[in-house]
Structures are given as C-alpha cells and as structure tokens.
Amino acid sequence: METISRLNPIVEALRSNPQRVHKIFIQKEARHKKISQIIWLAHEHHIPFLFVPRQKLDSIDKNHQGAVAMLSPKEFSSLESILKASEQPFLLLLDGVEDPQNFGAIVRNAEGGGVDGIVIPERHSVGLTSTVASVSAGALEHVKIARVKNLAQTADMLKERDIWIIGAESGGSSYWYEFDYTQSVAIILGSEGHGLRPLIKKKCDKILSLPLFGKVSSLNVASAASIFIYEVIRQRMNAGR
C-alpha cells in the first residue's frame, strides 16, 4: 500500500484516480482549506476517512500536512497503449534512475511538457513510491508509465517503429538542440552516478549533451530531463504541432 502525505497530491489523486484511494487519515482539529476539500471529495467518491490524533499520522510520515491517504499501487500502462495514443510519440526512457526525488521531479516535468509516457526497467529503477508521488505534486496521476524487462530490447523495438533513440549524456559531439524533435522520439536518461550504460549507448541513434561551464561535471538527471523536454516543446510549437 502506498501513502501520500502532502495535501495537493491527495486532492489530485481524489480528483483523477479515486479508485486507487483506499482510505484517508485526517488529523483531528486540522484547519486547512485543502483538508475541507479532501473531506468533500472523499464524500463524493464514497472513500472512507478517519479523524485521528497527530501521533497516528506522525507514525506513518512525520512530514505530513494534516492528512495521509492510503493508495493501492498505481497501475503501469502497457508500452503499446502509450504508443497508440500519439501519432508522433514523445517518450522518456530512464536507464537506472534510482533516486525517488529525481524520479518524482522527472514525472512532474514530463507531465508539464506533454510527454506521452515514461519507460522504466524492472530492475535498477525506483518504483512508484509515495516519495515519487509527493515530489511529482500530483503529476504521477496523469503520466503513463510502462515497465519493461529489457530496456535495450525496448530501444530496438522502438527503432523498428521509426522512433528515434536519443541518448542524453555528457561528452556527446552534438548539443541537445541539434536534432529535429518534431519526429517521433525517445530520450534516454542515465542513472545519477554512472549515466547511460555502454549497451544502452550503442542503441542510441544520437548522443546529445548539455555544455557545462562550471566545476561540476554533470547536471542532475531531472534538470537535464527538463531541458530536453522543453527543447522538444519549443521545436514542436514552432512547427505548429
């Protein structure tokens, strides 16, 4: 069972996917407009909620804001359903992203940038945890996420369907904007510590990088994702797509 302890994501879950919300614990005598909204939405969707002492919520998550929602695990989407949803798919593939803070931020950026879906491997990847849901600020409810057994084989399959595979990696000979993103594209981002694995690099049609002028050798993966996402948006908007 997953938990969400931030008010905005709880509201978003109740609005967008109430069937996943199992139960809500609400702090006694909590005074917040969002709390009232949560109670109203829970009534509307016939979701049980209980008023409990603060200590009860503290035992679940000390960083709560006066309510904690218990959710059944988010269902993964099939990759096929993601591809069928768009004539020009725009995907993110995550190769070993294991930090839930980064994953949550990537999900939030992806939702804002109109990414059709995120693909993660079964192993060496953070799951759809409560931290991911919280950091995404509700975006996790709207982003389709597919989980695959083998990311390299998935890249091969996407290439067979005329989807360009772009690796985001420091040291590439071309910059992030030197590609036509109005085409179907999947951008692969590597792990926080090691970047893209050698096998995954070999599957890429292009490796594109972000120039760095400071003393740090690489950007945070969520920051890199946002730059690539908004380059796709810029080009597609300019092309009228």
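A few comments on the model shown:
- Those strands (runs of 3 or more DSSP E) of region 155-241 in which at least 3 residues are of a type outside the set (Gly, Ala, Ser) and under 21 Å from the mean Cα position of the chain (by Cα), considering only elements entirely within it, cover 164-168, 185-190.
- Set Ala133, Ala137, Ala152: member being over 17 Å from the mean Cα position of the chain (by Cα) and touching a residue at least 24 places away in the same chain (Cβ under 8 Å): Ala152
- Strands (runs of 3 or more DSSP E) contained in region 25-96 and holding at least 1 residues among the small types (Gly, Ala, Ser): 67-71
- Test: Phe90 is at pLDDT 95 or above and either within 30 Å of Glu231 (Cα to Cα) or out of contact with any strand residue (DSSP E or B) (no Cβ under 9 Å at 6 or more places or on another chain) (or both): yes
- Selection of first residues in region 15-44 that are among the hydrophobic types (A, V, I, L, M, F, W, C) and of second residues that are surrounded by fewer than 16 Cβ atoms within 10 Å (Cβ to Cβ), restricted to Cβ pairs under 6 Å at least 6 apart or on distinct chains, gives the following pairs, ordered by first then second residue: Phe25/Leu50; Ile26/Phe51.
- Single residue of region 110-123 satisfying the filter (under 22 Å from Thr3 (Cα atoms) and surrounded by fewer than 23 Cβ atoms within 10 Å (Cβ to Cβ)) that is modelled with the highest pLDDT: Glu111
- Candidate set: region 187-235, residues that are basic (Lys, Arg) and surrounded by fewer than 16 Cβ atoms within 10 Å (Cβ to Cβ); chosen: the one farthest from Ser173 (Cα to Cα): Arg234
- Among the residues of region 97-147, the ones that are assigned to a loop (DSSP other than H, G, I, E, B) and either touching a helix residue (DSSP H, G or I) at 6+ places or on another chain (Cβ under 9 Å) or among the aliphatic types (A, V, I, L, M) (or both) come to 17 in all.
The values are calculated or read from the model by the stated rules, or taken from the named source; none is laboratory data. All values reported here derive from a predicted model rather than from experimental measurement. Don't worry about glycine lacking a Cβ; one is built from the backbone with ideal geometry, like all the others, and counts go over all protein chains shown.
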